[in-house]
Amino acid sequence: MYCHPWNQYLKIGTLTRQCAYRIEALNGHLNSKTQVMPKISEHFQEICIKMSLESGKALKDLASAIKTMTEPCSVDPHIKNSKTASKHFQSLLELDLWEDLNLLEVIPVATVASLLSDIVVCTEKIAELVHELATLAHFESVDFKETLEKSKVNQCGCLDHIAVTVDGSSQLVKV
């Protein structure tokens, strides 16, 4: 029998599937006809985009690390940025801007907040498992500076859309 940590791959696969379910739910919610009042969306749009982009970059880097069997060294800044954005989002939810709104106006924002927060937590857990896999399977080390420079070149800077890739086909989703 080979001494490769196959059980770690199973754990990563299970958690990745759970994260994908949340992303699919978020995609369905964003594509629904539910409208959010401009007063509410202006407070949350930028932070939602930050959480989405950083989590997406982290997941992409984690997938690449597993595929190339290299340590996921460029993931940690994305995880940190998405967690910071999530905490900022939670603090915005505690503001007094909800006083003049009815429950039906708040539900869409609460749904997005819940799904994005879950995605950030899932992404962090996946990163922990991939780091553990890299140690157990003796993944190759890479130069962090070189990886960081490559990721800067690939940033699109697009802040009003989220790129969602499912089964190899990309789709832009307006936030």
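Observations, loosely collected:
- Only residues that are surrounded by 18 or more Cβ atoms within 10 Å (Cβ to Cβ) and in contact with a helix residue (DSSP H, G or I) (Cβ under 7 Å, 6 or more places away or on another chain) were counted across region 84-111, and they come to 4.
- Per the conditions (1) touching a Lys or Arg at 6+ places or on another chain (Cβ under 8 Å); (2) within 19 Å of Gln90 (Cα to Cα), the sole criterion not satisfied by Leu15 is (2).
- Test for Thr111: is it among the polar types (S, T, N, Q), touching a His at 6+ places or on another chain (Cβ under 7 Å) and either assigned to a helix (DSSP H, G or I) or farther than 30 Å from Ala137 by Cα (or both): yes
- Selected residue (criterion: nearest to Lys50 (Cα to Cα)) from residues of region 64-75 that are loosely packed, with under 15 Cβ neighbours inside 10 Å and not hydroxyl-bearing (Ser, Thr, Tyr): Lys67
- Within the set Arg22, Arg17, the sole residue that is of a type outside the set (Phe, Trp, Tyr), touching a Leu at 6+ places or on another chain (Cβ under 7 Å) and modelled with pLDDT of 95 or more turns out to be Arg22.
- Complete set of residues in region 121-151 that are at pLDDT below 90 and not in a helix (DSSP H, G or I): Ser141, Val142, Asp143
- Residue count for region 1-42, restricted to those that are loosely packed, with under 15 Cβ neighbours inside 10 Å and more than 25 Å from Ile126 (Cβ to Cβ): 9
The values are calculated or read from the model by the stated rules, or taken from the named source; none is laboratory data. Everything numeric in this text was worked out from a predicted model, so none of it was measured. Reconstructed Cβ throughout: ideal geometry from the backbone, glycine too, with neighbour counts over all protein chains shown.
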